[in-house]
Amino acid sequence: GAGVSQTPSNKVTEKGKYVELRCDPISGHTALYWYRQSLGQGPEFLIYFQGTGAADDSGLPNDRFFAVRPEGSVSTLKIQRTERGDSAVYLCASSPTRNSETQYFGPGTRLLVL
Amino acid sequence: DAKTTQPPSMDCAEGRAANLPCNHSTISGNEYVYWYRQIHSQGPQYIIHGLKNNETNEMASLIITEDRKSSTLILPHATLRDTAVYYCIVNGGYQKVTFGTGTKLQVIP
């Protein structure tokens, strides 16, 4: 079956612009996660959704970052007033249930802020 | 606050077993040990997980010490395609998952 997909695969933007990154989880997966990965580092947790609600958004670095999952499936990570330090790979993962610890990752979106 | 400690890099000859160690001395009773790997330019891929007992699947084996303070991931016959960064994670159900920097495994022809 289809895995987690993320679009776009690459995004180049200018400092100060607004960007949206999309994640399509595996069908039927109720849990969805966003991570950010900088070069040479492991993925860093940003936010976790259980269904439509954000169950844990403690990893969002500041109020420029926001994520939604209005219908409990597709999620969008939104970054306002982008900064050069936001450049990273943004990874999305999903898992079948709240208590399923195995996460299935998408290929990521590579964001470059010039 | 890293929960696990892994060597930054390891080499393994193709066809030989790769043994990747992980220390998790502060693991609590309800936390599982998970292993993921990340091949260059891809998202992390789940490998295996365990609580107390040793586990084996089609990809790897996981050996957990009796005191659960350390574990070893074993790739029985490493291939060039196993070259990746391997992450050891402890997690007790849903919690904010901390990946750390992992072990970069280089399989050498």
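Only one of these conditions is not met by B:Tyr46: (1) modelled with pLDDT under 95; (2) over 11 Å from the mean Cα position of the chain (by Cα). Which number is it?
The one condition B:Tyr46 does not meet is (2).
Restricting attention to the range B:1-20, which residues are at pLDDT 90 or above and part of a loop (DSSP other than H, G, I, E, B)?
B:Thr4, B:Gln6, B:Pro7, B:Pro8, B:Glu14, B:Gly15, B:Arg16, B:Ala17
Only one residue in B:Tyr32, B:Tyr86 is surrounded by 15 or more Cβ atoms within 10 Å (Cβ to Cβ), closer than 30 Å to A:Leu60 by Cα, in contact (Cβ under 8 Å) with a residue 24 or more places away in the chain and over 10 Å from the mean Cα position of the chain (by Cα), so which one is that?
B:Tyr32
Picking from B:Ile27, B:Ile48, B:Ile74, which residue would you name as being under 23 Å from A:Gly3 (Cβ atoms) and not hydroxyl-bearing (Ser, Thr, Tyr)?
B:Ile48
For the range B:21-109, which strands (runs of 3 or more DSSP E) that fit wholly inside it have 2 or more residues that are of a type in the set (Ser, Thr, Tyr) and within 11 Å of chain A (Cβ to nearest Cβ)?
Result: B:32-38, B:84-91.
From the residues in the range A:70-83 that are out of contact with any Cys (no Cβ under 6 Å at 6 or more places or on another chain) and under 18 Å from A:Gly3 (Cα atoms), which one is surrounded by the most Cβ atoms within 10 Å (Cβ to Cβ)?
Top of the filtered list is A:Ser73.
When residues of the range B:28-52 are filtered for being in contact with a strand residue (DSSP E or B) (Cβ under 7 Å, 6 or more places away or on another chain) and over 22 Å from A:Tyr35 (Cβ atoms), how many remain?
Total satisfying the criteria: 3.
Name the pairs: first residue in the range A:31-48 and farther than 13 Å from B:Gly100 by Cα, second residue surrounded by fewer than 19 Cβ atoms within 10 Å (Cβ to Cβ) and acidic (Asp, Glu), Cβ to Cβ under 9 Å, at least 6 apart or on different chains?
Hits for this filter: A:Leu46/A:Asp57; A:Ile47/A:Asp56; A:Ile47/A:Asp57; A:Tyr48/A:Asp56; A:Tyr48/A:Asp57.
For the range A:91-106, how many residues meet the condition of being at pLDDT 95 or above and either part of a loop (DSSP other than H, G, I, E, B) or loosely packed, with under 15 Cβ neighbours inside 10 Å (or both)?
Residues that pass the stated criteria total 1.
Assuming B:Thr65 fulfils every condition listed in (1) more than 24 Å from A:Arg36 (Cα to Cα); (2) in contact (Cβ under 8 Å) with a residue 24 or more places away in the chain apart from one, which condition is it?
(2)
Quick test of your reading of the structure: B:Leu105 fulfils all but one of (1) touching a Cys at 6+ places or on another chain (Cβ under 7 Å); (2) more than 23 Å from A:Gln103 (Cα to Cα); (3) among the aliphatic types (A, V, I, L, M). Name the failing condition by number.
(2)
Considering each residue of the range A:28-63, count those that are farther than 21 Å from B:Ser41 by Cβ, of a type in the set (Ser, Thr, Tyr) and buried (at least 19 other Cβ atoms within 10 Å of the Cβ), and give that number.
Residues meeting the conditions: 1.
The values are calculated or read from the model by the stated rules, or taken from the named source; none is laboratory data. Everything numeric in this text was worked out from a predicted model, so none of it was measured. Glycine gets a Cβ as well: all are built from the backbone with ideal geometry, and neighbour counts include every protein chain shown.
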